[in-house]
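Down below is the structure, laid out as structure tokens.
The values are calculated or read from the model by the stated rules, or taken from the named source; none is laboratory data. Everything numeric in this text was worked out from a predicted model, so none of it was measured. Cβ atoms come from the backbone with ideal geometry, glycine included; neighbour counts cover every protein chain shown.
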Amino acid sequence: MLEAPRGAPATSDIDPFSDAYLGDPYPFHQQLRDAGPVVWLAQWQVFAVARAAPVKAVLGDWETFCSGAGVGLANFKVETPWRTPSLLLETDPPDHTRNRAVIGRALSPASLRGLKSSFESAAEELVAALPDGADFDAVPLLAEAFPLKVFADAVGVPAEGRRHLLAYGNMVFNAMGPRNERFERAMAHAAQVVPWIERACQRDVLTPSGLGAQIYAAADEGAVSAREAALIVRSFLSAGVDTTAAGIANALYCFARNPDQWARVRADPALARAAFEEVLRFESPFQAFFRTTTREVELEGTVLPAEAKVLVLIGAANRDPRQWEDPDRFDVKRKTLGHVGFGFGIHGCVGQMIARMEVEAVLAALARRFERIALAGPPTALIHNTLRSFVRLPLRLGS
Ligand code: OVV
């Protein structure tokens, strides 16, 4: 292929928000990686990075590639965001640093230790209720049910109306793409969902011992205002359910497709934790998001102007053959250190410890009961502006 002149990026007409791309992004990822370290997506007038090295370079330099202008296609400096921006996701230092410390304390390994046994018993109970040898849809019964129970319990939100958490996550993550039909469909439920979420962020609605209450306790200490506390709690509810549900569904899909890998986890359930890292690499739930340049910058020989949107293709970086040997092979014993499934840098997933605890509990409970995980029919992929998962995953488990 002809190299573009120095300074000018490769150009592509790939549409990362088309049904074809979102249904099977991997061939497109390869084209984007091979096109160059930075690619200009003509249709959306944004840059994209798909190789592991420039993805990490972008995420490692928050001063140049900021989040305060939004991490979706929309530039918040030009377009009014659909909701009050997140004090974590859509904020830069120094505010981000302060808010991150508050939520980080609530989600620290020390703070989460007490949740482990309740996650394990909830996983045991859900798995015990699954049919042995009969078909069922693993999306509602396992992938969604588990975080709706344990994460919502951990935060301390009411049991009534919890399904709104899934609808809200669907809005939040679809809103990072263009204002397309997918976005509009997700927003169709806003009138019921948004008020429920806003209520659930209030101190008097949250249980007194949950993660939500801990944010308000930090407000009592003066770390943040009460208004900010509500918005930080909103981040739990935005980021903590759909992502983990996708992680569980993607894990089940990986194992159904790779029975030899499930056999390894069965033989040694302690592998469950490492296996989830490989799931995050191989089928990353949060596939893509944007940064915005704060200045003109050269990235691997390409010059990007200030105020440019840069699409960061997490899912592509996680399968970059420049970093990974045989990247399209799902291997639970692979050294997964360096995957960006939880992001990278100052905005790296603050909930990654609780996510790992959740998925590990589910996989370990499944490994104790079931020898076989098989597809019971064709799965229906979720076609979503940023998440990769399934809307239907028919499985048959066998003991
Ligand atoms: C990582 C993430 C995704 C979506 C929403 C948020 C965070 C938030 O802070 O609201």
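Put simply, of P379, P327, P305 the only residue that is under 21 Å from N170 (Cβ atoms) and at pLDDT 95 or above is P379. Of everything listed in (1) more than 28 Å from A249 (Cα to Cα); (2) surrounded by fewer than 20 Cβ atoms within 10 Å (Cβ to Cβ), the single unmet condition for S117 is (1). Consider R281 carefully, then state whether it is in a helix (DSSP H, G or I) and over 17 Å from the mean Cα position of the chain (by Cα). Considered against the rule, which asks whether it is in a helix (DSSP H, G or I) and over 17 Å from the mean Cα position of the chain (by Cα), R281 comes out as no.
In segment 379-392, the residues that are touching a residue at least 12 places away in the same chain (Cβ under 8 Å) form Cβ pairs under 7 Å with partners that are part of a strand (DSSP E or B) and aliphatic (A, V, I, L, M), at six or more places apart or across chains, as follows: T380/V391; L382/V391; T386/A288; F390/A381. Quick check on L393: is it more than 16 Å from the ligand (Cβ to nearest atom), buried (at least 21 other Cβ atoms within 10 Å of the Cβ) and within 27 Å of N180 (Cβ to Cβ)? It is true that L393 is more than 16 Å from the ligand (Cβ to nearest atom), buried (at least 21 other Cβ atoms within 10 Å of the Cβ) and within 27 Å of N180 (Cβ to Cβ). Applying the criterion of being assigned to a loop (DSSP other than H, G, I, E, B) and modelled with pLDDT under 95 to the residues of segment 2-21, the residue that is surrounded by the most Cβ atoms within 10 Å (Cβ to Cβ) is P9. Among the residues of segment 356-378, count how many are within 16 Å of the ligand (Cβ to nearest atom) and either aliphatic (A, V, I, L, M) or free of Cβ contacts under 8 Å to residues at least 40 places away in the same chain (or both). Counting residues in segment 356-378 that are within 16 Å of the ligand (Cβ to nearest atom) and either aliphatic (A, V, I, L, M) or free of Cβ contacts under 8 Å to residues at least 40 places away in the same chain (or both) gives 0.
State all residues of segment 103-162 that are among the basic types (K, R) and in contact (Cβ under 8 Å) with a residue 40 or more places away in the chain; if no residue qualifies, say none. Hits for segment 103-162 are R105, K116. Note on segment 166-250: enclosed helices (runs of 4 or more DSSP H) holding 2 or more residues that are farther than 30 Å from L393 by Cβ and of a type in the set (G, A, S) are 211-220, 226-239.
Yes or no: A134 surrounded by 14 or more Cβ atoms within 10 Å (Cβ to Cβ) and modelled with pLDDT of 95 or more? Against the criterion (surrounded by 14 or more Cβ atoms within 10 Å (Cβ to Cβ) and modelled with pLDDT of 95 or more), A134 does not qualify. The residue list A154, A175, A218 contains one member that is within 14 Å of the ligand (Cβ to nearest atom) and surrounded by 18 or more Cβ atoms within 10 Å (Cβ to Cβ), which is A175. Within the set of pairs 6 or more residues apart or between chains, which connect a residue that is on the phi > 0 side of the Ramachandran plot inside segment 332-355 to a residue that is within 12 Å of the ligand (Cβ to nearest atom) and modelled with pLDDT of 95 or more with Cβ atoms less than 8 Å apart? Taking only residues 6 or more apart or on different chains, the pairs are G343/F286; G343/I314; G343/C349.
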